[in-house]
Amino acid sequence: MEKGLLALVLHAHLPFVRHPEYPEFLEEDWLYEAISETYVPLLTVFSNLVKEGARCRVTMTVTPTLAEMLGDQLLQDRYEKHLEKLIDLCEKEVERTKEYPQFQATAQMYFKHFTSVREIFVDRYKKNLLTAFKELQDAGALEIMTCGATHGFLPIILREEAKRAQIQVAKNNYVKHFGRKPRGIWLPECAYNPGDDRLLNEAGIRFFFVDSHSLIFGTPRPRYGIYAPIYTPAGVAAFARDIETSEQVWSSQIGYPGDPDYREFYRDLGYDGDYEYIKPYLHSDGERRNIGIKYYRITGKVDLDQKAPYNPEWATERAAMHAGNFLHNRQKQVEFLMPLLGRKPIIISPYDAELFGHWWFEGPQFLNFLIRKIHYDQNEVRMVTPVEYLEEFPDNQTQVPSASTWGAEGYNRVWINGNTDWMYRHQHIAEDRMIEMANAHPNADGIELRVLNQAARELLLAESSDWAFIITTGTMVQYAIKRFKDHIHRFTRLYEMIQQKKYDQEWLADIESRDNIFSEIDYRVYLSNQPV
Amino acid sequence: MFLLRPSSIRPAVLSKALENRSEELIIQPTETTAPGGPDFGAPIPDTYDIDLLRVLVQDPFHLYLYWELRQSTIDALTKVFPKEEAPEFQTVLRLLELDEGYESFFNVGRIGSYWMAVFPGKRYRFEVGVRSPRRGYIKLVSSNEADTPRGTIAMERDQDPRFAVDGRKFKRVLEASGFHNQDVLNLALMGGDDSGDGFRQMFSELPQGVQKTIERAATGAAIESNEIDQLPAILRDMLQRIRDEAGGQYASMALMHYLPELLRWLASRREGLGEDEFLKPVPAAPRFMIGSSDITQMPVTLFEKISSINRPSSPTGKPGKPEGKR
């Protein structure tokens with residue numbers, strides 16, 4: 001007998017990184033790695049399930065920045081070249097590892113994997129994976145959500161017009177790519193601020209997600225804890241993250257991805273390979289980097305040079321076992337919760353999509369096994385999407401959720417702290433200026449229209465939460481600072497053009513071609529008095 | 001957001017293909033991305049020559065504010081008054097706690113920023129203006145309003161009987177949701193269901209000297225040794241050590257950091273729990289690593305001296321995870 005529901009939520013996002021001004025660019029690899037390791041494997045899992053007739057219900061963000069990159073011809077062509085090089089290397093690896101039988105099966109696995117990715121990416125979807133996402137949405141297997149236009153961190157955007165722009169631009173971009181309006185949104189960084197729900201309602205959004213303490217600390221007290229959504233005062237449903245399922249996957253201590261049989265991320269052929277052999281597959285600067293071919297398993301708590309060879313069969317078995325364990329825990333969880341709550345609980349399990357495949361190589365296999373087991377092996381837990389849930393359970397409590405994020409400590413510290421605080425003065429002034437320009441020039445055309453639309457793009461790109469996140473985590477800090485400052489600089493120059501009515505057309509054309517996101521943008525989204 | 005791991009960051013270089021053997025570990029610097037060396041982006045303005053003041057919420061206990069006043073704004077104002085009075089005007093930042101009308105003034109410069117330690121569940125606004133002994137305070141610019149999250153459960157039960165839940169049942173729902181009772185500063189459950197401001201009540205029950213010390217610490221002032229002596233013993237030792245090693249301002253920051261636990265400690269005593277409960281990892285909201293100061297934040301290393309800082313703060317706080325994401 002069915003006792004509860006499970007909503008699996010995957011947030012697929014990458015910042016907009018596209019540098020036509022260089023023949024190759026390191027950070028563009030983020031997209032290429034994600035396509036090879038996460039997006040194509042996930043799409044493959046889901047489409048096979050649909051073909052088989054197994055019930056698959058996954059709620060997934062394809063953020064506007066990611067959608068724009070997946071649909072961009074320059075990046076599509078560059079990815080194809082990147083893939084061809086990898087396949088070439090894999091062919092060599094299959095030959096070379098004949099002398100190393102402990103690595104041969106893994107080498108063959110990579111060759112098969114990357115050639116399969118090429119077949120799917122190039123032959124089946126003509127380099128545009130958005131088609132694949134849309135097909136799965138149309139088949140009912142995916143509920144694709146939108147996000148903030150550029151993953152702007154809403155609690156720190158102070159002007160309502162600028163928050164609205166993040167949401168409305170995202171909505172319009174979703175319509176462009178998926179042919180209908182979005183029904184749900186993944187708020188950037190899962191960051192909710194009371195009052196933002198009005199803007200979601202304006203955009204026709206029916207549901208969003210919050211971290212668990214958002215409902216638990218909400219007003220009034222949530223009758224069902226985190227196991228039923230609430231309606232915000234604006235009438236939008238908020239679903240809360242389940243702590244237990246998050247921990248089973250996210251935790252560095254007890255999470256599945258740390259199993260000794262799984263692939264070790266940090267042993268990569270880009271570093272392990274003989275330099276002259278590997279050099280043609282590195283960037284032109286010749287620096288060793290991860291290239292995505294890894295031959296070792298986690299093994300245990302041993303030094304990197306003590307890792308044991310990866311065994312794909314063992315890893316697959318382990319993924320199946322972990323899927324079984326995950327399902328077993330959900331069965332026990334709903335069995336316990338149903339009598340306590342007096343209502344079927346819904347368990348919300350959100351993860352960053354790129355965790356599956358890129359970081360946790362076996363993650364897509366885990367999902368494949370999990371969804372199959374849910375469909376074939378039991379009837380206590382059913383997968384649903386939020387929209388399906390709301391149609392089945394329309395009667396929910398009304399509450400004001402607490403301000404919250406899914407960042408460390410649950411609030412805004414990851415994005416606003418002593419390393420990032422300098423950014424917001426510039427961002428806020430750019431927001432003020434954009435609103436000022438829109439109100440002063442509501443009927444722009446010609447060159448003025450181009451300048452205003454490009455100013456809107458530059459502001460949106462500066463607002464990406466990714467830059468502050470990268471600075472806080474201390475990874476590619478220089479790049480994040482550069483991106484933020486470049487967009488503020490470009491915005492400021494565009495603002496001055498409007499003020500002085502002097503236009504540098506050559507420079508404008510150049511940045512239009514670089515920051516070409518949101519071809520459909522209309523700067524009037526920043527008007528203070530929006531037309532009804 | 002979960003950024004893909006950058007390809008360029010890796011602690012080790014292991015040469016030669018596919019052989020399990022020990023190699024020297026070489027730390028790689030963060031690399032430049034664009035050809036031509038480090039590039040931190042195009043220039044952006046240092047100031048914007050406008051009057052502004054903005055406040056941002058970091059968490060229930062911390063606000064960040066920045067401001068900028070044009071010199072011409074200050075000059076225009078002081079010109080209204082006799083010339084000899086001009087030197088008497090001091091630029092000040094005014095904190096307004098909107099619920100209870102509490103206010104505080106800080107001497108500041110014309111352009112600046114400030115990390116402010118505040119209380120959860122409150123509404124704040126700030127102003128920058130000038131003040132003189134003869135003319136009093138004159139506001140020049142006002143901030144947006146900032147609401148700090150309460151950081152704990154609500155006192156309000158739903159009025160709709162379908163969704164109303166009593167304290168006992170709610171405890172079970174909390175536990176089922178992964179929030180064990182000791183992980184939530186459950187003042188409402190202890191102080192009756194639907195009435196009273198738990199934080200205010202608890203704060204008022206602290207000894208007068210402790211209250212004053214906290215109020216001073218909240219302004220970023222350096223607390224003195226004799227003030228620390230009035231605090232509970234277990235906190236006293238720790239703060240004295242920090243004060244000795246790093247100064248009174250850092251001791252203030254540490255005190256603000258531990259404020260939620262001080263309140264919880266008081267609540268625990270009401271329930272008949274021992275003083276040992278004080279250092280359990282049971283904050284009102286997840287722990288906060290940042291203290292208050294005018295421009296700097298508390299060094300993380302300082303917190304290593306505080307015993308329970310590295311423990312998980314709540315069921316959702318994961319130890320040992322390096323990323324910003326939980």
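May I ask which of A:Lys98/A:Lys294; A:Lys344/B:Lys169; A:Lys279/A:Lys301 have a Cα-Cα span longer than 21 Å here?
The answer is A:Lys279/A:Lys301.
Order of A:Met321, A:Met383 from fewest to most other C-beta atoms within 10 Å?
Least crowded to most crowded, the residues run A:Met321, A:Met383.
Run the simple label-point estimate for A:Thr398 and A:Tyr275 please: 7 Å along Cα→C-beta, distance reported in nm.
Taking the simple label geometry, A:Thr398 and A:Tyr275 are separated by 6.9 nm.
Whose amide H sits under 5 Å from the amide H of B:His62, counting only residues 5 or more places off or on another chain, with H placed in the peptide plane?
The answer is B:Val118.
Give the long-range amide H neighbours of A:Tyr296: residues separated by 5 or more places, or on another chain, with amide H under 5 Å away, using H modelled in the peptide plane at 1.01 Å from N.
HN-HN under 5 Å from A:Tyr296: A:Glu264, A:Tyr310.
With just the Cα atoms defining each centre, how far is the range B:68-141 from the range A:237-271? Give it in Å.
49 Å
Quick check on chain A: helices-only [θ] at 222 nm, where DSSP H runs of length 4 and up contribute -39,500 (n - 2.57) each and the sum goes over total residues. Nearest 500, please.
Rounded to the nearest 500, it is -15000 deg cm²/dmol.
Residue by residue through the range A:418-426, which ³J(HN,Hα) values in whole Hz follow from phi under the Karplus form 6.51 cos²θ - 1.76 cosθ + 1.60 (θ = phi - 60°), with glycine and proline marked x?
x, 8, 10, 4, 4, 6, 6, 4, 5
What list of ³J(HN,Hα) values in whole Hz, one per residue of the range A:211-222 in order, does the Karplus curve 6.51 cos²θ - 1.76 cosθ + 1.60 (θ = phi - 60°) give from phi, with Gly and Pro shown as x?
6, 4, 5, 5, 7, 4, 8, x, 10, x, 4, x
So what J values fall out for the range A:453-458 if you push phi through Karplus, 6.51 cos²θ - 1.76 cosθ + 1.60 with θ = phi - 60°, rounded to Hz, Gly and Pro as x?
5, 5, 4, 4, 4, 5
Using 0.36 nm per residue, how much length does the chain from A:Ala54 to A:Lys98 gain when fully extended, once their Cα-Cα distance is taken away?
In short, 11.9 nm is gained.
If each residue of separation counts as 0.36 nm, what is the full-extension length gain between A:Asp445 and A:Glu496 once their alpha-carbon separation is subtracted?
Separation in residues times 0.36 nm, less the Cα-Cα distance, equals 16.6 nm.
From the convex hull of the Cα coordinates of the range B:91-159, what is the mean projected area in square nanometres?
The directionally averaged projection comes out at 6.1 nm².
Say each of A:Asn201 and A:Asn516 gets a label point 7 Å from the Cα, pointing the same way as Cα to Cβ; how far apart are those two points in nm?
It is 4.0 nm.
Provide the FRET efficiency to the nearest 0.05 for the B:Glu175-B:Glu97 pair, computing r from the beta carbons and using R0 = 25 Å.
About 0.15, to the nearest 0.05.
Using modelled backbone amide H atoms (1.01 Å from N, in-plane), which distant-in-sequence or interchain residues come within less than 5 Å of A:Gly357's amide H?
Placed amide hydrogens put A:Glu362, A:Gly363 under 5 Å from A:Gly357.
The numbers here are math on the coordinates, done by the rules we state, and not lab data. Because the structure is a prediction, the values reported are computed rather than measured. Virtual Cβ from ideal backbone geometry, glycine too; neighbours counted across all protein chains shown.
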